[in-house]
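The values are calculated or read from the model by the stated rules, or taken from the named source; none is laboratory data. Because the structure is a prediction, the values reported are computed rather than measured. Note that we place each Cβ from the backbone using ideal geometry, even for glycine, and neighbour counts take in every protein chain shown.
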Amino acid sequence: MADKKMEKIGTCAFCGQTRTIETIGDVELTQAELDAMATERCTCVPAQEEKRKKARKKKINDFVNKKFPSPKLAGEIFMVIDTVEDNTFEEVTLKLYPDKNVRVWKDSDSNLHIKIKRIEDDELKA
Ligand SMILES: [Zn+2]
């Protein structure tokens, strides 16, 4: 038995262009979900811009979650990132452990940088 195909209409949130969304099987999508999908697939400038923003956010999230597996610590880092993103601070340096610094800043092209620096001193006291 073939899955039934349904065609629904979604509207781009930015330009109002409608788009046919094909669903297969018993997938029930709300109008909001259809509109979100239409927006995601739209080629208008604001929709593309939104897509880039989301991809950037995902990139930042993935990096932080990977580098800081502790949810509490990751949460704190996200807060720091927000303060740099909204220009509250130009640059933030955190001393995490005695041998680990995290530096967050934005460059002149508004790209966010997160740099984790490990300071490894080999010291012996005997
Ligand atoms: Zn659009």
Residue match in segment 5-12 (condition: more than 16 Å from the ligand (Cβ to nearest atom) and either part of a helix (DSSP H, G or I) or surrounded by 10 or more Cβ atoms within 10 Å (Cβ to Cβ) (or both)): yes
Subset of segment 49-64 (residues that are surrounded by 13 or more Cβ atoms within 10 Å (Cβ to Cβ) and within 16 Å of the ligand (Cβ to nearest atom)): GLU50, LYS51
Neighbours by Cβ (under 8 Å, 6+ apart or cross-chain): first from segment 33-48, within 10 Å of ALA13 (Cα to Cα); second more than 8 Å from the ligand (Cβ to nearest atom) and acidic (Asp, Glu): THR39/GLU50; ALA47/GLU40
Tabulated pairs, segment 80-106, first more than 13 Å from ILE119 (Cβ to Cβ), second assigned to a loop (DSSP other than H, G, I, E, B) and of a type outside the set (Asp, Glu), C-beta under 7 angstrom, 6+ apart or interchain: THR83/PHE89
Test set (1) within 16 Å of the ligand (Cβ to nearest atom); (2) exposed (fewer than 14 other Cβ atoms within 10 Å of the Cβ) - ALA38 fails condition number: (2)
Test: ASP62 is assigned by TED's automatic domain parsing to the domain that holds ASP107, without any contact (Cβ under 8 Å) to a residue 40 or more places away in the chain and under 15 Å from the mean Cα position of the chain (by Cα): no
Residue in segment 13-30 that is farthest from GLN48 (Cα to Cα), counting only those that are within 16 Å of the ligand (Cβ to nearest atom) and loosely packed, with under 13 Cβ neighbours inside 10 Å: THR20
Cβ-Cβ under 6 Å pairs, at least 6 apart or on other chains, segment 12-29 side modelled with pLDDT of 95 or more, far side part of a loop (DSSP other than H, G, I, E, B) and surrounded by 10 or more Cβ atoms within 10 Å (Cβ to Cβ): CYS12/CYS42; PHE14/CYS44; CYS15/CYS44; GLN17/CYS42
Residues satisfying the stated conditions in segment 108-126, i.e. surrounded by fewer than 10 Cβ atoms within 10 Å (Cβ to Cβ) and farther than 17 Å from ILE60 by Cα: SER108, ARG118, GLU120, ASP121, ASP122, GLU123, LEU124, LYS125, ALA126
Condition met for LYS67 (basic (Lys, Arg), farther than 21 Å from LYS57 by Cα and surrounded by fewer than 14 Cβ atoms within 10 Å (Cβ to Cβ)): no
Residues (farther than 30 Å from GLU123 by Cα and surrounded by 10 or more Cβ atoms within 10 Å (Cβ to Cβ)) located in segment 91-107: GLU91, TRP105, LYS106
Filtered residues of segment 46-83 (kept if closer than 18 Å to LEU96 by Cα and aliphatic (A, V, I, L, M)): VAL64, LEU73, ALA74, ILE77, MET79, VAL80, ILE81
